[in-house]
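Reviewing the structure listed below.
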Amino acid sequence: MNLEKLIPFFADSPVSQAFDDVMQELQIKSRPKGPDATVFVRTPDEKLGLEFAANVSFREDRTMPAKSDGAYLLAGFDIYAGAPHELPFGLSWDMDIAKVRTVLGESRKAKNRNATFFHYGLRVTCRFEEDALSTLKSIGVTVIDIHAQELYKL
């Protein structure tokens, strides 16, 4: 599955039938619940994790308007090397930092094996195996929060 399919569901709740269908396609059986402000659900192989924020928290902390009154809204996802899914934005696991920059543009921050980009109104964090930033190990795509908006002057 191309993970760009998840992006239209940012700020939405899995109570939406279309979103629930995508979660089923990913074989994610659990749905966010409980008292926590942030809940993660993962695919059975744990190579993809979806981050959900409690509705109230999402509305206070995120820059995208909520699309649902559901209890939890999709705030982001993390994909790990070896996952059987097509990466978003034309990224691939064999990219080093230079190749990632040709796809996502200049990084706003690159240190400690991480590079942060802002692409199509989302925060994209590429994590690398080593300091040389040559081997991707995971990618996080999230709705921009108010702290990043202030820090990066977005």
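The values are calculated or read from the model by the stated rules, or taken from the named source; none is laboratory data. Note that the structure is predicted; figures quoted are calculated from it, not measured. Every residue, glycine as well, gets a Cβ built from its backbone with ideal geometry; the counts of neighbours run over all protein chains shown. Note: areas computed on protein heavy atoms with side chains; ligands, DNA, RNA excluded. Shrake-Rupley method; radii C 1.70, N 1.55, O 1.52, S 1.80 Å.
Can you go through Gly90, Gly82, Gly34 and tell me which one is small (Gly, Ala, Ser), open to solvent by 20 Å² or more (accessible area, probe 1.4 Å) and over 20 Å from Phe128 (Cβ atoms)?
On inspection, the qualifying residue turns out to be Gly34.
Just one of the numbered conditions (1) closer than 21 Å to Leu122 by Cα; (2) at pLDDT 95 or above; (3) open to solvent by 40 Å² or more (accessible area, probe 1.4 Å) is not true of Met1; which one?
Going through (1) closer than 21 Å to Leu122 by Cα; (2) at pLDDT 95 or above; (3) open to solvent by 40 Å² or more (accessible area, probe 1.4 Å) one by one, Met1 breaks only (2).
Conditions tested, residue by residue: (1) at pLDDT 95 or above; (2) within 18 Å of the chain's Cα centre (by Cα); (3) under 29 Å from Pro44 (Cβ atoms); (4) among the hydroxyl-bearing types (Ser, Thr, Tyr).
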{"residue": "Leu87", "(1), (2), (3), (4)": "yes, yes, yes, no"}
{"residue": "Ser92", "(1), (2), (3), (4)": "yes, yes, yes, yes"}
{"residue": "Asp96", "(1), (2), (3), (4)": "no, no, no, no"}
{"residue": "Val100", "(1), (2), (3), (4)": "yes, yes, yes, no"}
{"residue": "Lys109", "(1), (2), (3), (4)": "no, yes, no, no"}
{"residue": "Asp131", "(1), (2), (3), (4)": "no, no, no, no"}
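Can you pull out the residues in region 16-64 that are of a type in the set (D, E, K, R) and within 22 Å of Tyr120 (Cα to Cα)?
Residues of region 16-64 that are of a type in the set (D, E, K, R), as a first pass: 20-21, 25, 29, 31, 33, 36, 42, 45-47, 51, 59-62.
If the condition is that a residue be of a type in the set (D, E, K, R) and within 22 Å of Tyr120 (Cα to Cα), then Glu51, Arg59, Glu60, Asp61, Arg62 are the ones that fit.
In region 47-136, which strands (runs of 3 or more DSSP E) lie fully inside it and hold 2 or more residues that are in contact with a Leu (Cβ under 8 Å, 6 or more places away or on another chain)? First the steps, then the outcome.
Details: elements: 48-54, 72-80, 109-111, 114-119, 122-128.
Of the strands (runs of 3 or more DSSP E) lying wholly inside region 47-136, those with at least 2 residues that are in contact with a Leu (Cβ under 8 Å, 6 or more places away or on another chain) span 48-54, 72-80, 114-119, 122-128.
Only one of Leu26, Leu6 is farther than 15 Å from Val143 by Cβ, surrounded by 14 or more Cβ atoms within 10 Å (Cβ to Cβ), at pLDDT 95 or above and not acidic (Asp, Glu); which?
Working: Leu6 fails: farther than 15 Å from Val143 by Cβ.
Only one candidate qualifies: Leu26.
Condition first: among the acidic types (Asp, Glu) and over 12 Å from the mean Cα position of the chain (by Cα). Can you find one or more residues in region 3-10 that meet it?
no
Only one residue in Phe117, Phe58, Phe40 is surrounded by fewer than 17 Cβ atoms within 10 Å (Cβ to Cβ), of a type in the set (Phe, Trp, Tyr) and under 16 Å from the mean Cα position of the chain (by Cα), so which one is that?
Phe40
Among the residues of region 13-27, is any outside any helix (DSSP H, G or I) and either free of Cβ contacts under 8 Å to residues at least 12 places away in the same chain or under 30 Å from Leu133 (Cβ atoms) (or both)?
Looking for residues that are outside any helix (DSSP H, G or I) and either free of Cβ contacts under 8 Å to residues at least 12 places away in the same chain or under 30 Å from Leu133 (Cβ atoms) (or both), one finds at least one in region 13-27, hence yes.
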